[in-house]
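Right, one structure below, let's go through it.
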Amino acid sequence: MKLRIYHQLDELTALRGAWDQLLSAYGWSTTFSTWEWLSCWWRAFGKNSQLFALALFDEGSRLVGLAPFSVTSEHVMGGRPIRVLRLMGDGSGDSDNLDIPVSPGFEQIFSEMVIESLERHRNLWEMCQFNTLPAGSPVAIWLAACAADKRWTCREYESRCSAIALPENWERYTEKLSSEDRKNLVRYTERLKRRYSTSICRCSDEQQLPACLDALFRLHQERWRSAGEPGSFASADRRDFYHELSRCLLQRGWLELWVLELNQEIAAVQFAFRYRDTVFQLQEGYDHSRPSDRIGYVLRGEVLKRLISEGIRKYDFLGGEDAYKSRWAAEPGSYRSISLARPLTYGALLLQTSDLAMKSKEWLRSRLSSSGWSFLHRMDQPIRRKPTTKLNSGSQVG
């Protein structure tokens, strides 16, 4: 067996065919582990990062494991810059379900070789952060175990996500909804058709992409700016990422870019993509000046109806458990995040400090009344950095 290291994206191009074959044999595969997603992401967001990808080949030169990492200098907890090794695709707020695909039977040995390689290249990094791994990722389980054997500092966290398990037909799906929502889906859809010339379609032609994406950017930005937030698409890098990614996904038949037109003008857009029998919903935009029309609500309902008819069995909302997702019969799930550092290092000190701060916060919250905790939370607001808009939670359109 042989472990190879790649430092340039162009070097990984030679693995594209083997990469696809590896993902086809890996049960946890998603769009976020594909060449299409990660190469587009790297060109948009990897300018200040160093690529460090590990690929394991068996005796027959077959690719059996791939760990695409990147290293970036970051400020953590207000201290000096620290070199953080992440999964390629992490850090911009665009990716969930990041993972380390491996062929069945090679999980343990590949994890051991990854940890050994990180040990040999310890001057490259000071802390590892593997975020939003699938909860059952087999390599994640072994990585944590191998790091513990070496007495590395290891911290694990969970974050929430949600998805709809779709049945075989629309009627069975609507049975999961409340009686009010079942009625509203019909009522709002019919009312929209009476008020406007209405059209809902999926983008299937590359020439349509610029107009559909520009509408997504504009509608999304208008909605968030009206709420006093900057919006996800204020970033030129992110807009470029969506343009390139959309072309790549469309060529593979994976793009689920849906638009709703009212009187021949785009009023709502849903940006999603499919992998196998799952569709991942990433971003949305809708005309927020028409709240009574419920256009985002109508669009999602029509998209779900068509996806069910095409055999899609899971509609993944990705990160977060927003209330509007549960109305669509979304069920809660979780991601697994693992942070690692070698013992007696600055990275280990930061992980221990962060863990102590989190436990102290939980202890304090458990002993304060709700009003006392709320008061402290309000007092803390002026000195806390304002969080950015959640990038992959959609626009909360019902």
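What follows draws every value from the coordinates through simple rules; no lab data is involved. Predicted model, so just to flag it, every value in this text is computed and none were measured. Heads up, the Cβs are rebuilt from the backbone with ideal geometry, glycines too, and the neighbour counts pull from every protein chain shown.
Numbers below:
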| item | result |
| --- | --- |
| Cβ crowding within 10 Å averaged over residues, with 261-270, 206-215, 73-82, 138-147 ranked highest first | 138-147, 261-270, 206-215, 73-82 |
| Highest-MSF residue in the chain out of VAL303, VAL186, VAL64 [GNM, Cα springs under 10 Å] | VAL186 |
| Lysine pair number, Cα distance threshold 26 Å (strictly under), the chain, separation 8 or more or different chains | 24 |
| Descending semi-axes in Å of the chain, equivalent ellipsoid built from Cα gyration tensor | 37, 27, 20 |
| Rounded to the nearest 20 debye, dipole of the stretch 167-312 from Cβ charges on Lys, Arg, Asp, Glu | 420 debye |
| Percentage relative contact order, the chain, counting C-alpha pairs under 8 Å, at least six apart | 20 percent |
| Charge dipole magnitude, Cβ of K and R +1, D and E -1 - the chain, Cα centre, debye nearest 20 | 1100 debye |
| Check: the stretch 91-236 dipole with +1 on Lys, Arg Cβ and -1 on Asp, Glu Cβ, in debye | 860 debye |
| Angle in degrees between helix 295-309 and the longest Cα principal axis of the chain, rounded to the nearest 10 | 70 degrees |
| Cα centroid separation, the stretch 220-247 to the stretch 80-104 (Å) | 22 Å |
| The stretch 167-312: C-alpha pair distances exceeding 24 Å, % | 34 percent |
| Which of ASP149, ASP94 has the fewest Cβ neighbours within 10 Å, and the rest in rising order | ASP149, ASP94 |
| Most mobile listed residue (LEU216, LEU87, LEU304) in the chain, GNM with C-alpha springs under 10 Å | LEU304 |
| Positive-pole candidate from PHE57, ALA272, TYR157, dipole of the chain, charges at beta carbon | TYR157 |
| Furthest towards positive pole of dipole, LEU249, GLN208, VAL259, structure part the stretch 167-312, Cβ charges | VAL259 |
